[in-house]
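One structure coming up, written as structure tokens, with questions to follow.
The values are calculated or read from the model by the stated rules, or taken from the named source; none is laboratory data. Remember, it's a predicted structure, so these values are computed and weren't measured experimentally. Positions of Cβ are backbone-derived with ideal geometry, glycine not excepted, and every protein chain shown enters the neighbour counts. These area figures cover heavy atoms from the full protein model, side chains too; ligands, DNA and RNA do not enter into them. Shrake-Rupley method; radii C 1.70, N 1.55, O 1.52, S 1.80 Å.
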Amino acid sequence: MIFPEDFVWGAATASYQIEGAVKEDGRGQSIWDTFSHTPGNVADGDTGDVACDHYHRYKDDIGLMRELGLAAYRFSIAWPRIQPDGEGSINPRGLAFYDKLVDELLAAEISPYVTLYHWDLPQGLEDRGGWANRDTAYRFADYAQAVHERLGDRVSDWATLNEPWVSAFLGYGNGVHAPGRRDPAYAMRSAHHLLLGHGLAARRLREGGAQRIMLVVNSAPVLTPAQVNDPSAVPDEADAAVVHRIHALLTRQFLDPAVYGTYPEEVIEAAERNGGTGHIQDGDLALINAPIDLVGVNYYNPCVVEAGPGLPADAAWPGSEDVKFATADAPTTAMGWPIVPDGLSRLLVRLSQDYPQVGLMVTENGAAFDDVLEHGRVHDAQRVAYLDGHLREVWRAIEAGADLRGYLVWSLLDNFEWAEGYRRRFGIVHVDYGTQTRVPKDSALWYRGVIGRNGL
Ligand code: NCW
């Protein structure tokens with residue numbers, strides 16, 4: 001299985017999950033600092049205060065990337081390092097860190113893929129309403145422009161937002177993520193303002209000459225339990241209706257406005273029943289519909305649903321009280337996420353049909369397992385099997401005609417896994433948080449081989 005010649009192999013991380021150094025060089029506070037320091041929000045009371053100490057160890061970490069043969073490294077910028085309060089003057093020391101990071105990557109012949117927002121909103125903006133406040137979208141565009149002005153001469157690949165569904169519905173809907181609000185109306189408003197921020201920022205990046213711009217979504221094929229193991233299973237009418245609606249709320253809610261400048265009717269209905277549509281102003285959809293080059297796809301598992309009584313208390317899914325979220329009949333990772341590799345090819349083929357005018361990139365895929373470090377090695381055979389299985393499906397999707405440009409493993413390093421803290425290890429490189437020692441797991445060595453032969 002040999003991949004296309006220009007296929008991009010890499011790995012991904014995010015600022016709050018790896019950097020640490022939360023009080024250094026003028027960094028302001030983010031909603032994840034506040035949230036993780038509030039007891040009860042994160043497993044074991046973990047915080048990102050130190051994390052992988054990447055802020056001080058980035059040179060060694062890039063050395064590791066080079067040893068693994070990565071061609072691309074996707075990282076995110078901590079907005080509160082650039083604008084400590086979320087608006088106004090730029091903190092030169094914050095920008096200087098990313099400047100050095102980019103130079104070091106380029107010297108190692110690794111292409112930087114910059115994500116502008118991976119969930120660490122400046123707390124100052126949250127105090128003024130966060131993403132539920134329309135003004136945050138405009139502040140995001142200003143911030144994006146400032147970063148691009150500094151790094152745009154060396155960075156070709158830009159992502160505006162990571163997983164806006166998660167920001168809106170876990171952050172403002174069910175409160176599992178920062179800022180921990182629980183209100184479906186807030187979640188719907190926030191989703192729209194995130195999209196508006198995406199569109200405004202994408203325009204500024206384009207005006208500044210950015211070569212490739214993408215929006216990264218947590219997407220998944222929405223399947224009935226029967227369809228998980230039998231792609232030819234045909235759902236009954238009631239099941240088909242909820243599958244259609246959940247696909248609209250999970251994926252089309254973000255990609256239809258970005259690519260076509262329209263909202264699916266299911267999104268409008270969900271908003272009407274949760275606070276109304278007053279936050280959607282005339283002209284917004286045209287602003288959101290700024291041209292993008294790629295959709296970044298983060299895939300971990302399918303979304304399995306059937307018609308039935310739902311979870312009225314789960315504000316992550318406004319407008320789906322009649323949807324039963326089911327579990328796939330499949331083995332699971334340490335996150336409890338089912339392992340369904342062919343969900344990835346089904347998803348990629350569908351997205352390439354629904355949005356043929358944009359390219360696709362797998363911007364995250366990977367798994368947490370209960371790794372054990374023994375005699376200086378981590379034999380993570382399950383992760384190797386997970387990655388191998390999913391890469392076979394990436395190849396199948398390419399064979400089926402999907403315009404797939406690359407694949408980035410989540411994650412380079414074990415890191416702060418949000419509400420799960422450090423107990424969930426997604427890295428292909430093991431991190432000992434006591435000593436900050438890095439040990440490439442078997443999966444990292446295996447991945448180096450895959451990259452070396454450009455295939456499986
Ligand atoms: S928690 C989450 N993740 C993990 C995180 O480490 C990374 O920063 C994220 O981009 C691994 O990849 C993403 N995503 C939240 C997934 C919740 C999805 C619920 C969707 C329902 C179908």
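In bins 10 Å wide, starting from 0, what share of all Cα pairs of the stretch 314-456 does each bin hold, as a percent?
Using 10 Å bins, I get a P(r) of 10, 34, 34, 18, 4, 0 for the stretch 314-456.
Among 337, 55, 166, whose Cα lies farthest out toward the positive end of the dipole of the chain, if unit charges sit on the beta carbon of Lys, Arg (+1) and Asp, Glu (-1)?
55
Considering the stretch 251-353, what Rg and Dmax in Å follow from its alpha-carbon atoms?
16.3, 47
Something else now. Apply the Karplus parameterisation 6.51 cos²θ - 1.76 cosθ + 1.60, with θ equal to phi minus 60°, to every residue of the stretch 203-211 and state each ³J(HN,Hα) to the nearest whole Hz, in sequence, with x for glycine and proline.
4, 5, 4, 5, 4, x, x, 4, 7
Still on this structure, I have one more. What residues have an amide H closer than 5 Å to that of residue 426, excluding those fewer than 5 places away on the same chain, when H is modeled at 1.01 Å from N in the peptide plane?
Residues meeting the criterion, in which the H sits 1.01 Å from N, are 415.
Same structure again: Probe radius 1.4 Å, ligands and nucleic acids ignored: give me the carbon and sulfur share of the accessible area of the chain as a rounded percent.
That fraction is 48 percent.
Considering only protein heavy atoms, what per residue accessible area in square angstrom results for the chain with a 1.4 angstrom probe?
Values: 16390 Å² over 456 residues.
On a per-residue basis, the chain sits at 36 Å².
Please report the equivalent ellipsoid semi-axes of the chain, computed as sqrt(5 x eigenvalue) of the Cα gyration tensor, largest first, in whole Å.
Each semi-axis is the square root of five times an eigenvalue, giving 30, 27, 22 Å.
Enumerate the amide H contacts of residue 333 below 5 Å, restricted to partners 5 or more residues apart or on another chain; note that Pro and chain-start residues carry no placed amide H.
Hits under the 5 Å cutoff: 339.
What longest range of the chain stays clear of loop-exposed GluC sites (Glu not before Pro) (DSSP non-H/G/I/E/B, at most 11 other C-beta within 10 angstrom)?
For GluC sites (Glu not before Pro) (loop position, at most 11 other Cβ atoms within 10 Å), the longest site-free span of the chain is 110-456.
Quick one: dipole size for the chain, taken about the Cα centre, charges +1 on Lys/Arg Cβ and -1 on Asp/Glu Cβ, in debye to the nearest 20.
About 720 debye.
Follow-up. So for the stretch 8-453, taking the charge dipole from beta-carbon charges (+1 Lys/Arg, -1 Asp/Glu), which of 131, 258, 102 sits furthest toward the positive end?
Checked the options; the winner is 102.
Would you calculate a helix-derived [θ] at 222 nm for the chain, using -39,500 (n - 2.57) for each DSSP H run of n ≥ 4 and dividing by the full residue count, to the nearest 500? It would help to have the intermediate numbers written out before the result.
Numbers: 16 runs with 172 residues, N = 456.
Roughly -11500 deg cm²/dmol at 222 nm, from the helical runs in the chain.
Alpha carbon centre of the stretch 418-440 versus the stretch 267-282: separation in Å?
The two parts, judged by their Cα centres, are 41 Å apart.
Spelling out what I want: for every residue of the stretch 396-402, take phi, set θ = phi - 60°, compute 6.51 cos²θ - 1.76 cosθ + 1.60 (Karplus), and round to whole Hz; glycine and proline get x.
4, 5, 5, 4, 7, x, 5
A further question on this structure: I want the local charge near residue 232. Using Cβ-Cβ distances under 14 Å, sum +1 for each Lys or Arg and -1 for each Asp or Glu among the other residues.
Details: positive: 346; negative: 230, 342.
Taking every Cβ under 14 Å from that of residue 232, the sum is -1.
Hey, got the Cα dimensions of the stretch 339-395 along the principal axes, in Å, largest first?
Ordered largest first, the stretch 339-395 gives principal extents of 50, 17, 16 Å.
I'd like the Karplus ³J(HN,Hα) series for the stretch 263-269: coefficients 6.51, -1.76, 1.60, θ = phi - 60°, whole numbers in Hz, and an x wherever there's a Gly or Pro.
Each residue's phi maps through the Karplus curve to give 9, x, 4, 4, 6, 4, 4 Hz.
Could you state, as a whole-number percent, how many of the C-alpha pairs of the stretch 3-121 are farther apart than 22 Å?
36
Quick one: Kirkwood hydrodynamic radius for the stretch 145-185, alpha-carbon pairs, angstrom, one decimal?
About 11.9 Å for the stretch 145-185.
Out of 291, 218, 437, whose Cα points farthest toward the positive end of the dipole of the chain (charges: +1 Lys, Arg; -1 Asp, Glu; placed on Cβ)?
437
While we're on this one: Under 5 Å between amide H atoms, partner at least 5 residues away or on a different chain: which partners does residue 295 have, H built in plane at 1.01 Å?
Close amide H contacts, sequence-distant or interchain: 359, 360, 361.
Suppose every Lys and Arg Cβ carries +1 and every Asp and Glu Cβ carries -1, with no other charges. What dipole size does the stretch 335-456 come out with about its Cα centre, to the nearest 20 debye?
Using Cβ point charges on Lys, Arg, Asp and Glu, the stretch 335-456 gives about 240 debye.
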